[in-house]
Every structure is written in C-alpha cells, then in structure tokens.
Amino acid sequence: MRPKHNATIQERLQTLIDSTIFDVLKLQHPDSLKKLVPIAGDITSPNLGISADDEKILHENVSVIIHSAATVKFDEVMSLSADINVGGVQRVLQLAKNMKNICAIVHISTAYSNCDKKAIREIVYPASFDPSIAINTFSWLSDPVLQKITPDLIGSKPNTYAYTKSLAEHMVQCNRGDLPVCIVRPSIVTATVKEPIPGWVDNWQGASGILIAHGKGLLGATVANEDIVIDWIPVDYLVNLIITAAWDLGMTKSPELVVYNCCSSQLNPLTQRAIKQFSMEGYKKTPFGSQPIMLKHYMKVQTAVRVTTYFRNNDWNFTSENLLHLRDKMAPIDKKIFNFNVEDIKWQIYIHNYIHGLRKFILKEDDSTLEGARRRLRRITVFHSVIRILSFLLVIGISSNIVKGWVARRNLELLMKWWWTLAPFVLSLSILYDFELVSQLPPYLFILAASLPFKILTGCVVFRCCLILFEKCFPHDKETWVSRFDHYVQEKFSRRQFLIRWRTMKVEGATMYNEELKNAYTCLKKICFKMRDFYH
C-alpha cells in the first residue's frame, strides 16, 4: 500500500477497515481485521518500493499472492499504463521468487485483454511485442513520440488498457519460471449480488457511473446496440473465484498456467435491452434524490461513456471450460460458501439492488428519504408528460396550418382528406413515450380517424393519454378511468354517425360541428370532476 493524498498507509488502512463492506465481518468476528499488516510500497518503484525489513517479513510469511494492482483508465498514456500493468507484474514475480512458502499467485487480468478476437478461449495468446522489450522501449521514448505511435502499437485493440493487459499476460507466461501462477480474467465488474450486502459498490467507474448518470438525468441516451449481450460480473462472485482458484492451485501444484474467463455472457446472457428495462424499473422503485452531482463526477461519467462505446456495441464469445471444471471440483458446502455460479443470478432483482446500492453507498442517500424521492419523481413524470403533450400539440398545429395552406394553393383535395385522417395519429404516436401505451390504443380509434373531425379526435386521443399517465402515477384496483372513457366514446359516436359526418365533411376546414364539440368536452369535464371526487 502506498501513501496517497498526504495519508499514511496506516490511515489508508483504517479508512478501508471503516468501510461499510466490513460491517458484517466486524459483527461476526470482531478481531479478524486486526490481522492486517500494511506494507509500504509502490508498484512503479524498483523492488516495489519495499524496505529491506518489510521484504524479509514477506519472504518468511506470505504463501498466497493476489496481484490486482493496475491502472484501469482506458485512455491512460502508454508509458504509465505499461509501467504499472506490465512492469508491475514483472516486479511482483521477481519478489515472489524469493518467498519460501509461496503456494499460489493469482494474476488479475481482464476478459478484454484480447478483445480484438471475437471468440476468446482460456489461453494466453501470443503478444505482438515482447513485453520486456516493450517496457524498456517505452521508458526512454518521450511522451509526445509515444503518443504519436500509440495507435500503431495497439493495432486493432481499442485502448492502451486492453493492450497492456495483454502484454501483462504474456509477461506472466514468460517470467513465471517454476512459480505456481494462474490468471483470472473478469469482464465488467459490478456491484455485489449477496455478500456482504446486496448491491454494495464503492466507485463511479464503468457501469456504476453510467447508471447514476441516467438515474440523475445527466444522460438522456447513450450509443449502444440493445441486442448486444453485455458482460457483467458481480464483484463478490469474482472474489469467490479468486479464492477458489488460489485454493486449487495450492492443492494441485499444477505446473501449467491455467486461465479462467470470469464472465457471464455465455452462461447467463444479459442484453442491453434488458439492462434498460430493469434499470428503468429500478429508478421508479428506488429513485435518486435531488442532490446535485459534483462537476468532477460528471466529467468522469462523460469520459466513461466515451471510452466504453466500443464495448457497448460489440460482444464476444468467452469460453469457460476451466471455470466450470473448477466448480465441479468443489464440495457442495464450498459451492455455497464460495459461489461464483453466474447462472444463479436473477438479473432483474440484481439490477434493482444495484440501483439501490448506488443510491445508498455512492450518493449517500438514506432510505428515510426514499418516499420523498418517489413523490418528487411522480411530480416530474406528470410535468414531463404535460410538457411533451403541449409541445407536440404546438408542432402539429403549426404543421397543420402549413399543410392546409400549401394544399389550398394547389387544390389537392385528396391530400387534404388524408391529412385530416393521419394528423391525429401522428400526434398520438408522438406523445406516447413507450410501446406499452401504443399497444393500448383501442380499435375504435381507427374508426374515429376515418370519420371524426380533427379537433374532437385530437381531444379524445390526448385526453385518453392523460388518463393512462394519471393511472400510472396513481394506480387503483377499481374500474380504470380509461375503460370508462372508452365506453363513453363508443356510445357517444356510433358508426352510422361517423359515416354521415364523413359524407358531409368539407375539404377546406373539416367542419367542426360546434354543438358536438361542446357536448364532448362537457362530458370530459364531468369525468375530470368524478376523478377528483374519487381520489379525494
């Protein structure tokens, strides 16, 4: 552990211990965290920056190494990315060779280290450049020169992160010697499923930042193929696999370099369409509060959206034979304790818990404010719907006048008839914000479109949409106001009346039938009063 932001390693360790993730452990085993001993060091320094005394302690006592230190910035400069991700591996392996009791070394890579291939097997692929030569070359090249040749170096890989993690795997393969080493490749690491708390997460990176940005309204949309399978792996499942892989390596003493693809896309696929659906449900169930987001977090989100576009629009076939074989070796009780079976994940429940975890652990919003946030969301939803309806009414009104004037000048009577028929449906489909409302358009509206004057039809469609939105905000078990409205309209306007009006309709103005319009809106007003009395 290295000092950071004027905090000593002891202070950083205490901050880590005070994290919510250890609350359960401190209740069950209060003294367990006292076993932790921090060692000052730096992954970029020679010999990891470890003092001689600390190095002696490590040589005498350490039996398992989990190497996860890395820079995860996708757009990191090549020199620093290579020094940390590749040079750091070389230094860790050199340190481990002097440890007397070493049983297992688990190197944490990434499932996207070979993302230039569509089918990714559990093997170490040949590197395009020798990793030892690479880090030596990058160390003396100036940053401007290195930045200029970076696109040629990474080739078909999307960024320096994927490129250097690929070199790191090759470094492990070439420099491990007789050390017992395995590689774990997680995909996109996300919040916990169960342990120690469902939905626990502690950073804005990756999926977490994007979910927060969507939930807070900072991102209205992102570029993504909804049919693409996105690969998420919950962090507690990843930790369980790392522990199990270290156990198996220590027990078998395998001389082979075993690779585990820690992924979910083949065993329990999750499409981006499902993420969109489940997250929208989660936002409604657990809406975020109104506290503003700091500019630095907003900039992180914008960067995350930019650098992850490649991964949101591509998918891969990750094989998992080694992972499944490892799971088959475990006893039933161990499978339960160290569960990494992604087939057990119920994605809908998981994403709902994920959003709740973001609200609680990242945004620091207490559950006592949840009901107030829900009321605020309902108000915003109603206001947003009203604004959309009024905006599209304005657009349709303006376009109607433009088309009427253009048609009148050219005496295109047939086009005028079709315009008055189709305009209300252009309006209705525009103001309906999801397919659920579109599917609820009843058949009688198609008859209305062919024969009812424009203003009456527009009023019916808009009022019906408002009723649906109202019932979404204030659901109840009695007969819906929408069904009452449909019943009234079908009784009020019979098919025979439609045909009569169609024959008498004037092309220039589509006669408005003032008396009929007055009666229709009188009835709508009565329905509004009844709704008010009902909910009062």
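The values are calculated or read from the model by the stated rules, or taken from the named source; none is laboratory data. Just so you know, these numbers come straight off a predicted model, no measurement behind them. Don't worry about glycine lacking a Cβ; one is built from the backbone with ideal geometry, like all the others, and counts go over all protein chains shown. With ligands, DNA and RNA removed, areas are computed over all heavy atoms of the protein, side chains included. Shrake-Rupley method; radii C 1.70, N 1.55, O 1.52, S 1.80 Å.
Key figures
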| item | result |
| --- | --- |
| Whole-Å distance, taken between Cα centres, linking region 246-318 and region 107-146 | 22 Å |
| Local net charge near residue 22, Cβ-Cβ under 14 Å (Lys/Arg +1, Asp/Glu -1) | -3 |
| Length added when fully stretched, residue 140-residue 6, from 0.36 nm per residue minus Cα-Cα | 45.3 nm |
| Region 150-172-region 176-205 distance, computed between alpha-carbon centres (Å) | 21 Å |
| Computed FRET value (nearest 0.05) for residue 149 with residue 15, which takes r as the C-beta separation and R₀ as 35 Å | 0.30 |
| Heavy-atom accessible surface of region 197-345: percent carbon and sulfur, 1.4 Å | 58 percent |
| Convex hull volume per residue in cubic angstrom - Cα atoms of region 221-310 | 176 Å³ |
| Å² per residue, accessible surface of region 7-111 at 1.4 Å | 53 Å² |
| Inter-label distance, nm, simple model (7 Å from Cα along the C-beta direction), residue 203/residue 280 | 3.1 nm |
| For region 168-207: Kirkwood Rh in Å [reciprocal of mean 1/r, alpha carbons] | 13.1 Å |
| Accessible area in the full protein assembly, largest first, 1.4 Å probe, for 374, 2, 359 | 2, 374, 359 |
| Relative contact order computed over region 1-67 (Cα-Cα under 8 Å; 6+ residues apart), in percent | 28 percent |
| Sites residue 380 and residue 344, calculated FRET efficiency, Cβ-Cβ separation with R0 35 Å, nearest 0.05 | 0.45 |
| 15 Å beta-carbon shell around residue 99, net charge (K/R +1, D/E -1) | +1 |
| Formal net charge of residues neighbouring residue 352 (Cβ-Cβ distance under 12 Å; K, R +1; D, E -1) | +3 |
| Model label zone, residue 254; criterion: amide N under 20 Å from point 7 Å along Cα-to-beta-carbon; scope region 93-129 | 102-114, 120-126 |
| Whole-number D in µm² s⁻¹ for region 195-272, Kirkwood Cα-pair radius fed into Stokes-Einstein, 10 °C, 1.306 mPa s | 103 µm²/s |
| Kirkwood-type radius of region 139-266, with distances r between different C-alpha atoms, in Å | 18.0 Å |
| Stokes-Einstein translational diffusion, region 76-228 - Kirkwood Rh over all Cα pairs, 1.002 mPa s, 20 °C, in µm²/s | 120 µm²/s |
| Using a Förster distance of 30 Å, the FRET efficiency for residue 334-residue 47 (Cβ separation, nearest 0.05) | 0.25 |
| Contour excess over end-to-end distance, with Cα ends at residue 128 and residue 156 and 0.36 nm allotted per residue | 9.0 nm |
| Inverse of mean 1/r across different Cα pairs in region 96-159, Kirkwood, Å | 14.8 Å |
